[in-house]
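The structure appears below as structure tokens.
Throughout, read-outs are computed from the coordinates displayed, never taken from laboratory work. Predicted model, so just to flag it, every value in this text is computed and none were measured. Cβ coordinates were reconstructed from backbone atoms using ideal geometry, including for glycine residues, and neighbour counts include every protein chain displayed.
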Amino acid sequence: MNQAKRKKLMEEWLDEATIAQMQEKMATNEMTSEDLVFMYLEIIAERNPNINAVLEVNSKVIQIAQALDDERLEKGPRSMLHGIPILIKDNIDTADDLHTSAGSLSLANHYALKDATLVKKLRDSGAIILGKTNMTEWANFMSDRMTNGYSSRGGQVKNPYGPFDVGGSSSGSAAAIAANLAAAAIGTETSGSILNPAAQNGLVGLKPTVGAISRTGIIPLAHTQDTAGPMTRTVEDAVHVFSSIIGKDEFDSITRKSRHLDKVDWINCLDLNALRGKRIGIARSIFDREVTTERAELFDKQVTVLRELGADIVDNVDLACLEDDLGYAVLTHEFKADLNSYLGKTRPSNPIRSLADVINFNKQHSKETLPYGQVLLEKSERTTGTLIEKEYIEALERNRYLAGEIGLSKSLDDLELDALVFPQDHGCSIGAAAGCPSITVPAGFSQAGEPFGLTFSGRAWSEPLLISIAYAFEQRVQARRKP
């Protein structure tokens, strides 16, 4: 393709192009994957300095694209992701020339020994790992004063829509896709880290059931809540990415339960009529004291749309617990144990082998690493790291009971609800502690231009239902607009 044609595609078509539309142009020889990669590299060079979302790109990405183009000509595409550039959050291992640091200067020179399981699945599907995205350092579990989107390695991620909170901790993944720096990105969530930045950046963010996607090769925060998930501009794009990375992993035992999604026809989930007859609950006690008047009005406006689409709205649902009831004891204890396990298995040349090493490195380089302190790291280090403390076990049991059995399952079952709906990412802590799925969808903007989203949450393994509900809503409101 000549440069003039490529420039025309980049300026007039690529922004907001879907994965299906990209595949159509490659299938009809209107462009190649190499063209697509070149266009995204140009856009990153132009736009990334303003938002600081992408940390680095894969130096071999053009050659990878060329090889996938050749394979397409010989055998046809592997999947809907064949030749599609995808960005990966900086806490996910890639066995290439990209670093994996969780945003920390202590790991700025760390190369992973092999791909994370989800990265291998992406590559097997033909996706191109374009680069790594900046993030809130240590998945926002370093300091209770840290700004969303800040890391000592990458600096501050900025919201492409303006002087608004970019969200955390998958901040770079969100800002990058909002600004059209790639077709899709992968984020990770322990509690709100996909949903929050997706809502703040006008994106679709899917936080799956814990166990749907392998965590092997992801720098952990807390294994009972951690998961990865797609961040995209449309629900359909999220489905293409999500369906490619689901599945069992012998090194992550909880993924055996992903069999619940084995026989799903994901394209059939894209149902315009999916909200007809669905019972959607609103738990106002979770957000009524926190949400602004403007966001409350935006939320109520979109609840009216849900009714128009045929949903039966059940208001004032009592979840019998609040997000503050859950606390941080589970995360505090699991972080040390999980991080020490990850770091202990990195390359022998990596001098950072434990959480204690991270803390000491930060103290020795405090000017560069500690503008917000490291109180959460130090609090976690004071635990034994063995997960045998009574405080941890009681907190884990309490949270699973409050969030799962009482907060979600009982409320959904007793009221015969299909899902709950929240403004922005409110309620995310309850779904996270229960290990249940949620999906955020663009739903509008404030008067100042800040993105606003709806989050739908449901039972474990209800992703097909949540996706269908989100798609029907998305297609009706068409709320996303590019920055």
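Can you tell me what percent of all Cα-Cα pairs in region 47-166 are more than 21 Å apart?
44
Compute the distance in nm between two label points, each set 7 Å from the Cα along the Cα-to-Cβ direction, one at Q63 and one at L272.
Rounded to a tenth, the inter-label distance reads 4.7 nm.
Can you give the Kirkwood hydrodynamic radius of region 363-443 from its Cα pairs, in Å with one decimal?
Taking the inverse mean of 1/r over all distinct Cα pairs, region 363-443 comes out at 15.9 Å.
Across region 332-483, what fraction of all alpha-carbon pairs, as a whole percent, falls in each successive 10 Å bin from zero upward?
All Cα pairs considered, the percentages come to 10, 25, 23, 26, 15, 1.
Among the listed pairs K8/K158; K114/K410; K114/K207, which are separated by more than 30 Å between their Cα atoms?
Checking Cα-Cα distances, K114/K410 exceed 30 Å.
Among K336/K363; K336/K390; K5/K120, which pairs are too far apart, with a Cα-Cα distance over 22 Å?
K5/K120
Using only the alpha-carbon atoms, what does region 254-375 span along each of its principal axes? Please give whole angstrom values in decreasing order.
59, 42, 28
Run the dipole for region 3-269 about the Cα centre, Lys and Arg Cβ at +1, Asp and Glu Cβ at -1, nothing else charged, and hand back the magnitude in debye, nearest 20. Walk me through the intermediate numbers first.
Values: 27 positive and 33 negative charges, 80 e Å.
In debye, rounded to 20, region 3-269 gives about 380.
Tally the DSSP beta bridges in the chain and give the antiparallel ones as a percent, rounded to 5.
70
Nearest 5 percent is fine: what portion of the DSSP beta bridges confined to region 3-269 is antiparallel?
Roughly 65 percent of the DSSP beta bridges within region 3-269 come out antiparallel.
Which whole-number percentage describes the relative contact order of region 3-269, with Cα contacts under 8 Å and a sequence gap of 6 or more?
This gives 18 percent for region 3-269.
Placing unit charges on C-beta atoms (Lys and Arg positive, Asp and Glu negative, everything else neutral), compute the dipole magnitude of the chain about its Cα centre in debye, rounded to 20.
700
Find the percent of Cα-Cα distances in region 3-269 that exceed 28 Å, and round it to a whole number.
Every Cα pair in region 3-269 considered, those over 28 Å come to 28 percent.
Please give the peptides 277-289, 323-335 ranked by average Cβ packing (other Cβ atoms within 10 Å per residue), highest first, as a rough proxy for protection. Display every interim value, and only then the final one.
Details: 277-289: 17.9, 323-335: 20.3.
Packing order, densest peptide first, comes out as 323-335, 277-289.
Can you pull the semi-axes for region 27-112, root of five times each eigenvalue of the Cα gyration tensor, sorted largest first, whole Å?
Whole-Å semi-axes of the equivalent ellipsoid: 27, 16, 10.
Place a label point 7 angstrom from the Cα of E308 along the Cα-to-Cβ direction, then list the residues of region 263-279 whose backbone nitrogen is under 17 Å away.
Answer for region 263-279: 272-277.
Return K7, K379 ranked ascending by Cβ neighbour count within 10 Å, so the fewest neighbours appear first.
In increasing order of surrounding Cβ atoms, one gets K7, K379.
Could you give the radius of gyration (one decimal) and Dmax (whole number) of the Cα atoms in region 369-409, in Å?
14.6, 42
For n ≥ 4 DSSP H runs only, could you compute -39500 (n - 2.57) per run for the chain, divide by its residues and tell me the 222 nm figure to the nearest 500?
-10500 deg cm²/dmol
Using the alpha-carbon centroid of each, what span in Å lies between region 402-427 and region 436-465?
Each part reduced to its Cα centre gives a spacing of 14 Å.
Please compute the Kirkwood hydrodynamic radius of the chain from all pairs of different C-alpha atoms, in Å with one decimal. Numbers along the way, then the final one.
Details: mean 1/r = 0.0447 Å⁻¹.
With all distinct Cα pairs of the chain included, I get 22.4 Å.
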